[in-house]
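Here is the structure we will look at.
The values are calculated or read from the model by the stated rules, or taken from the named source; none is laboratory data. None of the values given here were measured: they were computed from a predicted structure. When we count neighbours, we look across all protein chains shown, and the Cβ atoms used for this are built from the backbone with ideal geometry, even at glycine.
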Amino acid sequence: MRIRDSIHTDQFPPSYYTATCNDLTPFRRLEGNMHVNVCVVGGGFTGVAAALHLAEKGYDVALVEQNRIGWGASGRNGGQVIGGYGPELSNMSKIQKVFGRDNARAAWEMGVECVDIIDEWISKYDIDCDMKWGYFDAAMKQREMDELAESMETLKSFGYKPEQRMVGADEVKNYVGSDRYIGGLTNMGWGHCHVLNLVRGEARAAEKLGAKIFEDARVSKIEYGDKVTIDMDTCRITADILVLGGNAYLGKLVPKLASRILPTGSYIVTTEPLEESVAKEILPANFAVCDQRWALDYFRLTADNRLLFGGLATYSGRHPRDIIGAIMPNVLKVFPQLKGVKIDHAWGGYMGIGLNRIPQLGRLAPNVYFAQAYSGHGVAPTHMSARLIAEAISGQMERFDVMAKIKHPPFPGGQMFKAPIQAVGMAYYRLKDALG
Ligand SMILES: Cc1cc2nc3c(=O)[nH]c(=O)nc-3n(C[C@H](O)[C@H](O)[C@H](O)COP(=O)(O)OP(=O)(O)OC[C@H]3O[C@@H](n4cnc5c(N)ncnc54)[C@H](O)[C@@H]3O)c2cc1C
């Protein structure tokens with residue numbers, strides 16, 4: 001069965017999320033011109049969370065999204081809600097190396113707080129998004145077990161409260177019904193959810209607080225200055241402050257940001273709803289699961305008992321013509337018992353990867369903020385970047401500066417060489433995974 005990938009269209013991809021979304025009623029379209037205090041570009045978690053944080057603080061804010069709220073990576077990802085502010089920052093020695101001893105603690109705390117924001121907003125705004133707590137970091141090698149044990153100890157030594165537990169070979173099947181793993185680490189502070197419902201729920205919450213949320217509003221030109229002018233095809237916003245949250249989909253609109261990000265595809269399939277007994281056999285605890293490789297498999301059950309399974313399907317940087325054909329061998333390596341299962345949805349999306357794989361946050365001018373490049377680990381960290389931007393706009397620069405002072409080198413050679421670099425990079429990481 002071939003399902004068309006709609007990565008390049010302005011419609012939602014044909015995903016599990018779109019098929020089961022609570023509310024796809026369009027947000028408003030912008031007619032004419034307007035002036036606002038803060039204009040946010042991008043209707044993913046970065047932009048929507050920035051709008052919500054700012055609306056909570058009483059700012060006059062407008063958000064413009066070129067397609068639909070949640071159309072980008074935020075509404076089509078693996079749904080894994082993972083703490084830590086960036087995939088490269090899994091233990092304290094790495095965090096200290098990046099932030100220095102003085103700021104390490106603050107950076108570590110942000111990696112916990114980013115998940116708390118989601119938890120708080122789900123309750124505060126009554127967002128129905130199938131949030132399920134429980135996460136399993138699966139290991140295939142002893143070295144991975146050792147690293148997981150170290151990261152658990154680091155978290156504990158800093159007073160991390162949610163329950164974590166190392167699980168050995170004797171118990172691993174209580175979490176994943178597969179012979180592929182030798183053990184892993186559980187974490188009750190992380191989990192999984194229906195991300196399209198989450199991002200659209202957050203956008204509705206922002207709207208209720210007075211934020212103006214516009215769909216079908218593609219920014220084609222920005223003029224910087226004391227007032228920023230944001231031009232769309234038939235309308236214009238002038239703003240005192242601009243927040244850029246377009247991430248991997250921003251294209252070349254802001255060359256300085258484009259040069260620091262590599263849009264990289266990741267692909268997902270979901271099965272038909274599984275018999276309760278099969279769902280219980282493959283993921284008995286209903287935790288989200290990730291393995292430890294760079295080109296990792298990530299999977300979980302949906303609320304209606306489908307297996308949602310994702311990964312990096314190609315190393316060439318090109319999209320697979322047949323997503324199911326590319327992903328199914330990975331699914332069957334983990335769960336051979338699913339041979340013959342029907343696949344209902346298959347789709348892909350772009351994530352923004354930076355050279356050092358640390359989220360990028362900063363200012364292009366005193367009144368122009370940006371956040372991007374979460375490197376495949378953005379559902380929770382986007383919420384933190386958005387909070388830091390809202391803090392900075394309201395004059396609290398301290399925590400924003402901790403992140404903003406990290407240097408993010410551009411990709412060598414700029415746009416022209418990105419695709420070959422990506423191909424070489426993917427081959428390197430494939431080799432690294434293979435050699436362990
Ligand atoms: C397939 C896949 C699986 C993933 N799985 C996970 C996971 O399980 N857990 C996890 O933590 N992370 C995951 N990620 C990463 C995570 O989804 C992203 O890091 C996060 O969603 C980024 O959010 P964002 O708001 O910065 O970008 P996006 O969600 O991509 O939003 C950017 C928005 O900006 C809009 N935009 C761009 N340019 C313009 C313009 N000119 N005018 C107006 N609007 C514009 C776009 O249309 C888009 O909607 C995954 C990513 C992908 C692609």
message: Any residue that is closer than 26 Å to residue 224 by Cβ and polar (S, T, N, Q) - is there at least one of those in region 355-371?
response: yes
- prompt: With respect to residue 133, is the statement that it is at pLDDT below 95 and closer than 26 Å to residue 291 by Cα true?
  reply: no
statement: Log entry, pairs with first residue in region 84-106 being crowded, with 19+ Cβ neighbours inside 10 Å, second being assigned to a helix (DSSP H, G or I) and aromatic (Phe, Trp, Tyr), beta carbons closer than 9 Å, six or more apart or on different chains, reads 84/108; 85/108; 89/99; 89/108; 92/108; 95/108; 99/108
task: Take residue 41 and decide whether it is in contact with an Asp or Glu (Cβ under 9 Å, 6 or more places away or on another chain) and buried (at least 24 other Cβ atoms within 10 Å of the Cβ).
output: yes
- prompt: If residue 184 satisfies every condition in (1) touching a strand residue (DSSP E or B) at 6+ places or on another chain (Cβ under 7 Å); (2) not acidic (Asp, Glu); (3) not assigned by TED's automatic domain parsing to the domain that holds residue 279 but one, which is the exception?
  reply: (3)
message: Regarding region 157-167, can at least one residue be identified that is in contact (Cβ under 8 Å) with a residue 60 or more places away in the chain, touching a helix residue (DSSP H, G or I) at 6+ places or on another chain (Cβ under 8 Å), within 16 Å of the ligand (Cβ to nearest atom) and farther than 25 Å from residue 55 by Cβ?
response: no
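Given the condition modelled with pLDDT under 90 and of a type in the set (D, E, K, R), answer yes or no: does some residue in region 27-48 qualify? Explain how you work it out, then say what you get.
As a first pass, look at region 27-48 and keep what is modelled with pLDDT under 90: none.
No - not one qualifying residue is present in region 27-48.
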query: Scanning region 47-83 for residues that are away from the ligand (no atom under 11 Å from the Cβ) and not hydrophobic (A, V, I, L, M, F, W, C), which turns out surrounded by the fewest Cβ atoms within 10 Å (Cβ to Cβ)?
result: 58
